[in-house]
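Asks: Structure incoming, see below.
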Amino acid sequence: RMRLRIAQRLKESQNIAASLTTFNEIDCSKLIEMRKAHKDAFVEKHDQKLGFMSAFVKACTHALMDQPEINAYIDMDNKQIIYHDYCDVSVAVASPTGLVVPVIRNTESMSFADIEKTIARYGMQAREGNLALEDMAGGTFTISNGGVFGSLLGTPIINPPQSAILGMHGIFERPIAVNGEVAIRPMMYVALTYDHRIVDGREAVLFLRKVKQCIEDPYTMLLDV
């Protein structure tokens, strides 16, 4: 039944939204360095491993606050756009019955540790089949991480009634130009699928550029710049 419901919602999304996808690439060097330098202290203090998802959730939260259209949705019944002054980020998690998207609520006020603990708890509940329907209701934006399976690139489908979804992909070493020279860097492609009825290309591109900035220089998230 859950698989049928997922199929119905995904097809609904394709039929209703004017979906368009834009792409960017992110140099994950500094994020990997930060994690390597602080992962042991993080585990010691929070009793939780430090992954990459918390950084991407926080980066998306900063970008959502900068681009409120992406954090909004169209209320078709009342013919109006509803804007949110909070960020509830749905994170796609694999479960024995299929893909589920539990919601991390109020990420604008959460720390990296809060986010990592919430994701770990949801992951355990998903594997055990204990996720409640209310855990998956009410998100304002979704992140899907195909990178855990080794995906290079993909175009995620919007989770209705949300207006956009970020697709993360695998981190692979690639040659890129850095200050006029070729360097090998750990790179990730990211994709933002958005509903063109409410989000214009400018907002979508600026959103991805903000995510890129936050991941390539994690200190900007601490300084809120």
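The values are calculated or read from the model by the stated rules, or taken from the named source; none is laboratory data. This is a predicted model, so every value here is computed, not measured. Quick reminder, even Gly has a Cβ in these numbers, built from the backbone with ideal geometry, and neighbours come from all protein chains shown. Areas reflect the complete protein model, heavy atoms only, side chains present, ligands, DNA and RNA absent. Shrake-Rupley method; radii C 1.70, N 1.55, O 1.52, S 1.80 Å.
Asks: How much accessible surface does I74 have with a 1.4 Å probe, in Å² rounded to 10?
Replies: I74 has an accessible surface of roughly 40 Å² with all protein chains in place.
Asks: Still on this structure: Beyond 19 Å, what share of the Cα-Cα pairs of segment 19-130 is found? Please give it as a whole percent.
Replies: Roughly 58 percent, rounded to a whole number.
Asks: Now for a different question. Take the cross-link list K30/K210; K30/K58; K11/K117; K58/K117; K79/K212 and give me the ones stretching past 24 Å between alpha-carbons.
Replies: Cα-Cα > 24 Å for K11/K117; K79/K212; rest within.
Asks: Still on this model: Ignoring ligands, DNA and RNA, please state the percent of accessible area on the chain from carbon and sulfur, probe 1.4 Å.
Replies: Details: 6490 of 12080 Å².
For the chain, the apolar C and S fraction of the accessible surface comes to 54 percent.
Asks: Can you tell me the FRET efficiency between H38 and N130 if r is taken as the Cβ-Cβ distance and R0 is 35 Å, rounded to the nearest 0.05?
Replies: 0.65
Asks: Also, quick follow-up: Can you give the relative contact order of segment 86-139 as a percent, counting alpha carbon pairs under 8 Å and 6+ residues apart? Each step should come with its number before you reach the end.
Replies: Numbers: 74 pairs, mean separation 23.3, N = 54.
Reported as a whole number, the value is 43 percent.
Asks: Ok, one more. Distance between Cα centroids, segment 194-219 to segment 61-128: provide it in whole Å.
Replies: 16 Å
Asks: Once phi is turned into ³J(HN,Hα) by the Karplus curve 6.51 cos²θ - 1.76 cosθ + 1.60 with θ = phi - 60°, what whole-Hz value does each residue of segment 190-207 show in order, with x for glycine and proline?
Replies: 10, 10, 10, 8, 9, 8, 5, 5, 10, 10, 8, x, 4, 5, 5, 5, 5, 4
Asks: What figure in square angstrom, to the nearest 10, would you give for the accessible area of V89 with a 1.4 Å probe?
Replies: Approximately 0 Å² of V89 is accessible to the 1.4 Å probe.
Asks: Which three extents, in whole angstrom, do the alpha-carbon atoms of the chain cover along their principal axes, largest first?
Replies: Projected onto its principal axes, the Cα set of the chain covers 52, 40, 31 Å.
Asks: Might you tell me the accessible area per residue for the chain, computed with a 1.4 Å probe and given in Å²?
Replies: Details: 12080 Å² over 225 residues.
With the other protein chains kept in place, the chain gives 54 Å² per residue.
Asks: At a Cα cut-off below 16 Å, give the aspartates and glutamates reachable from K45, other chains included and same-chain residues fewer than 8 away excluded.
Replies: The qualifying aspartates and glutamates are D114, E116.
Asks: A further question follows. Please work out how much length the chain gains when fully extended from R197 to Q8, using 0.36 nm per residue of separation minus the C-alpha to C-alpha distance, in nm with one decimal.
Replies: Length difference between fully extended and current span is 65.9 nm.
Asks: Relative to a virtual label point 7 Å from the Cα of A183 in the Cα→beta-carbon direction, which members of segment 17-44 show backbone nitrogen distances below 18 Å?
Replies: 25-37
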